[in-house]
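First up is the structure itself, then whatever we jot down about it.
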């Protein structure tokens, strides 16, 4: 996607393209996350990330 995506949990923010940044969030089941996307493909990128975060598997 031609978009930047970040995930915010509490006062921490992570670049969704960086696994290390995501792990540093320390988020787990029951946490509330805010997903923010910017760029030409922002809506499609946002939909993809939300689908991953809300999957039952």
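The values are calculated or read from the model by the stated rules, or taken from the named source; none is laboratory data. Since we're looking at a predicted model, the values are computed, not measured. Glycine also receives a Cβ, built like all others from the backbone with ideal geometry; neighbour counts cover every protein chain displayed.
General observations
- Top-ranked residue in region 1-17 [being out of contact with any helix residue (DSSP H, G or I) (no Cβ under 8 Å at 6 or more places or on another chain) and not in a strand (DSSP E or B); ranked as surrounded by the fewest Cβ atoms within 10 Å (Cβ to Cβ)]: 11
- Within region 18-39, being surrounded by fewer than 14 Cβ atoms within 10 Å (Cβ to Cβ) and either in contact with a helix residue (DSSP H, G or I) (Cβ under 7 Å, 6 or more places away or on another chain) or part of a loop (DSSP other than H, G, I, E, B) (or both) holds for 18, 26, 28, 29, 30, 31, 32, 39.
- On inspection, residue 43 fails the criterion of being modelled with pLDDT of 95 or more, assigned to a strand (DSSP E or B) and in contact with a strand residue (DSSP E or B) (Cβ under 9 Å, 6 or more places away or on another chain).
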